[in-house]
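To keep things clear, I will list the structure first and then write my remarks on it.
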Amino acid sequence: MNPSAEALRATFGDAIGRVAVARGETTVVVRATRFLDVMRWLKDTPGQIYNYLVDVTAVEYRDRERPLEVVYHLRSLARHANLRIKVEFDPRGDLAIDSVTPLWAGANWLEREVYDMFGVVFAGHPDLRRILMWETYAEGHPLRKDFPLRGRFSRSEQVRQALNANPEAHYSLEELSIAETYGEVPADVRDRLRRGERGLVGGSE
Amino acid sequence: MSGGRPRSVELELATPGVDARGRPVRVPLSAATLPEEPDLGGEHLLVNIGPQHPATHGVLRLVVELDGETVIRVIPHIGYLHSGFEKLGEYRHYNQIIPLTDRTDYLSPMANNVCLAMAVEQLMGITITPRCTVLRVIACEMSRIISHLVWLGTTSIDLGAFTPFLWAFQERERIYNLQEQWTGARLTTSLTRVGGMLADIPAGFVEGLREFTRTFPKTLAEIDRVLTRNAVWAGRTQGIGVMTSDEAINYSLSGPMLRASGVAWDLRRDQPYLDYETYDFEVPVGEHGDVFDRYLVRLEECHQSNRILAQALDRLPDGPVNVEDPHVILPPKSRAMSDMEAMIYHFKQVMEGVNAPIGEAYCAIENPKGELGYYFVSDGTAKPVRWRIRPPSFINLAAISKMAEGHLLSDLIAINASVDIVMGEIDR
Amino acid sequence: MKHVLETKEVAGQSPNWLLTRFDDLVNWARANSLWPMPFGTACCAIEFMATAASRFDLARFGMERQSFSPRQADVLICAGRLPFKLAPVIRRIYDQMPQPKWVISMGACASSGGIFDNYAMVQGIDTIVPVDVYVPGCPPRPEGLLYGILLLHKKIKGESLTIPGLRDEQTLGPTGLRLPPREIDELSEPFGNSVHQFRSA
């Protein structure tokens, strides 16, 4: 077992859930309330120094009673130590957790992908928007278990939605703000955006 | 870009966030600001590069905010090749996922196959045979060579040198011949199976590969002579796109990107797998973290891979390639047709797949692009609950906005090339 | 010459000797200098690059000059899978190409969606752009792609200036779709092993 697990339990007590050791890997479940403190402790404390974030992902089980987990793989390069941290949510409830982007910059896109695929919202993330699907994708969050393999809409509807997005829907709001600062967004586009329309021609998202 | 009077922006700029009480709110984005001397007529240009563009190495879209030729901000957009791999993996048996892995990082397919088989074997607790171990090392190093050759060829084209592309692809054809002899396919190899390989190497393979290792350094020397001390090449790559070692670790870079920045981390040496600790090879580590260093690191890695291949060929042991477990490995067809027990094992594996024990496993290898990791979660059935690909290029590419700030537009192309991305892996 | 080309008696009847010679000349010129627009997305793009490299060499078919600008391209080679996010891009690039233009769908994914029968993948680019030649394979060998290009040559050589509407722009209909929705749904239905992939467990 990775000694960090015991150190975590000693430091954070109740905020640490169960610890599992299997196949040479240590997994620690952390409660969402003190999650950012735990991660900061793991990164900064001498003797831990998990300075490398390997991966951020989420897992939803087929069994609807099991919680949806957000899984973090951490590594300490100097100590050659790996650790898996999990945070559990009720899959039918709110999926919200603190972002670890202030600690590891590599988490930026990884968390965006978890948001896109699972709908988990990361508080404090500098730019949380869809990354793999287009920003105004309306079918849902693809990797959830209630999302069918072939999507919710019919194929012709999927083609129609893909082909008919407004051109400015392809730009993120940050880019549109740059264009607007230099006065390059046409008036009708600006009106449409102010009305909240980005996406299909003649319809709101 | 500092100071200046920020003009009020009329758009509502906000992305979803969560407030302290856990309720969704919209978080304001940072708006662009006008530069200090607006009367000079300075205007920033928003330029869209891609997704269809020869120099983006696939369907990558970069939206660049330019002040003249200088890049102020670059915002990459990905997802143009999103194919739903991870969702597909949940609907397939473990062996059926192997053809999917060819198509994520299609520049080094055999290495992905090996990583997947290793991850499932870690999940199921299977130990492979010694011959299989050496064959997998051979497959990984062949993949490293072909991936770096594509990188060399396409990066030279981006920076204006066309000929190394043809030399590199000619070498790749020789590896493709060997891959085709072994697996039947040039690119989509599907080489491994859980517990073993697709097949043992055919006659003539060892001689062919040995001939390759003998003559490959000559091509590398030619490319080296043309590029490394070339004034144009050095001028366009030295000092460009620098990532310091702390930044590289913080951005979770891996592979040559990480090593060029001075961090001596290579999974083959620091978390060894497939007996890599018994091979004699060096891991090149750069110093400046710029594009030139990444080029040198990859070029040297080709030399070292060649070295490992020669050693692996020397030590290739006899014996079976597949594990002797009939629950996991299909019996030979002749036995499946004649022996009842073998037929039943064949039937169960093909129709139901092989059940994995409940649990999870993360297995990472040193892919040519970086650390490729497969994370499996199993609920005891033959199809995984979750298959996660930890894509090295995805994480490496996220750093491009950091690397390109303040450089010229032409440097942005060089930096993009140096990240060595493959969109299939980024978008999965 | 103009009178001969515009004469109403020609349409629907076999063309005269002058037109046939002219057709031969034009088709020969077009077929032997097809400038490809390589819309390479995934693995097939690597095989396309291998076809363009020294061993298989596209240059001997007149396709040396790969045009990455659609304005100067003749044939759009869609090499690789096409997700829905990329669909408007390929449609726009197809629209930007001037006539005469052809489309080669290279690989199983571009032709039919390939192994990706899921929420993200267009099930064949022919639901979006009209395709002239389909090259099967995953990925097709360079020889396969060359065979597809030679088939396209044959198709071009069979064209004629007298066929009405052959070189008209095929724009999207008022629904925003190229084909009626029912036809897109039928083309996209699962087939082969895909039929079994409805259950996750």
Among (1) in contact with a Phe, Trp or Tyr (Cβ under 7 Å, 6 or more places away or on another chain); (2) not in a strand (DSSP E or B), the one test that A:Gly47 misses: (1)
Odd one out for B:Glu180 among (1) surrounded by fewer than 23 Cβ atoms within 10 Å (Cβ to Cβ); (2) in contact (Cβ under 8 Å) with a residue 12 or more places away in the chain; (3) not hydroxyl-bearing (Ser, Thr, Tyr): (2)
Single residue of the range A:79-136 satisfying the filter (of a type in the set (S, T, N, Q) and more than 7 Å from every other protein chain (Cβ to nearest Cβ)) that is least open to solvent (accessible area, probe 1.4 Å): A:Ser99
Checklist (1) within 14 Å of chain A (Cβ to nearest Cβ); (2) open to solvent by 20 Å² or more (accessible area, probe 1.4 Å); (3) under 26 Å from B:Ala119 (Cα atoms); (4) in contact (Cβ under 8 Å) with a residue 60 or more places away in the chain applied to B:Ile249, failing item: (4)
Hits in the range B:190-205 - residues which are in contact (Cβ under 8 Å) with a residue 24 or more places away in the chain, among the aliphatic types (A, V, I, L, M) and surrounded by 15 or more Cβ atoms within 10 Å (Cβ to Cβ): B:Leu191, B:Val194, B:Met197, B:Ile201
In the range C:185-197, residue most open to solvent (accessible area, probe 1.4 Å) [restricted to those that are part of a helix (DSSP H, G or I) and among the small types (Gly, Ala, Ser)]: C:Gly192
Within the range B:407-419, considering residues that are open to solvent by 10 Å² or more (accessible area, probe 1.4 Å) and in contact with a helix residue (DSSP H, G or I) (Cβ under 9 Å, 6 or more places away or on another chain), the one nearest to B:Leu107 (Cα to Cα): B:Ile413
Unique match (being of a type in the set (Lys, Arg) and in contact (Cβ under 8 Å) with a residue 60 or more places away in the chain) among B:Arg229, B:Arg174, B:Arg144, B:Arg225: B:Arg144
Options B:Leu81, B:Leu149: the member that is outside any helix (DSSP H, G or I), surrounded by 24 or more Cβ atoms within 10 Å (Cβ to Cβ) and within 14 Å of chain C (Cβ to nearest Cβ): B:Leu81
Boolean, C:Tyr94 is within 14 Å of chain A (Cβ to nearest Cβ) and under 12 Å from the mean Cα position of the chain (by Cα): yes
Criterion (surrounded by fewer than 22 Cβ atoms within 10 Å (Cβ to Cβ) and away from chain A (no Cβ under 14 Å)) met by exactly one of B:Val422, B:Val354: B:Val354
Subset of the range B:263-289 (residues that are touching a Ser or Thr at 6+ places or on another chain (Cβ under 7 Å) and free of Cβ contacts under 8 Å to residues at least 60 places away in the same chain): B:Val263, B:Gly286, B:Gly289
Residue tally, condition within 11 Å of chain B (Cβ to nearest Cβ), touching a residue at least 24 places away in the same chain (Cβ under 8 Å), open to solvent by 10 Å² or more (accessible area, probe 1.4 Å) and under 21 Å from C:Ala31 (Cα atoms), over the range C:49-66: 2
The range C:169-189, residues that are within 30 Å of C:Asp23 (Cα to Cα) and touching a residue at least 60 places away in the same chain (Cβ under 8 Å): C:Glu169, C:Thr171, C:Leu172
Residue in the range B:396-406 that is open to solvent by 10 Å² or more (accessible area, probe 1.4 Å), more than 16 Å from A:Trp109 (Cβ to Cβ) and either within 16 Å of the chain's Cα centre (by Cα) or among the charged types (D, E, K, R) (or both) present: yes
Residue within the range B:220-235 that is part of a loop (DSSP other than H, G, I, E, B) and either within 14 Å of another protein chain (Cβ to nearest Cβ) or hydrophobic (A, V, I, L, M, F, W, C) (or both) present: no
B:Val134 away from chain C (no Cβ under 14 Å), buried (at least 24 other Cβ atoms within 10 Å of the Cβ) and of a type in the set (Val, Ile, Thr): no
Filter pass, A:Thr33 being of a type in the set (Ser, Thr, Tyr), more than 19 Å from the chain's Cα centre (by Cα) and within 29 Å of A:His141 (Cβ to Cβ): no
B:Val63 vs. criteria more than 8 Å from every other protein chain (Cβ to nearest Cβ) and modelled with pLDDT of 85 or more: no
Per-region count, the range B:105-114, residues within 12 Å of chain C (Cβ to nearest Cβ) and either in contact with a Cys (Cβ under 8 Å, 6 or more places away or on another chain) or surrounded by fewer than 24 Cβ atoms within 10 Å (Cβ to Cβ) (or both): 1
Residue list for the range B:152-172, restricted to those being open to solvent by 10 Å² or more (accessible area, probe 1.4 Å) and part of a helix (DSSP H, G or I): B:Thr154, B:Ile157, B:Asp158, B:Thr163, B:Phe165, B:Leu166, B:Trp167, B:Gln170, B:Glu171
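The values are calculated or read from the model by the stated rules, or taken from the named source; none is laboratory data. These numbers were taken from a predicted model, which means no experiment stands behind them. Neighbour counts are summed over all protein chains in view; Cβ atoms, including those assigned to glycine, are modelled from backbone coordinates with ideal geometry. For the accessible areas, the whole protein counts, side chains as well, though only heavy atoms, and no ligand, DNA or RNA atoms are used. Shrake-Rupley method; radii C 1.70, N 1.55, O 1.52, S 1.80 Å.
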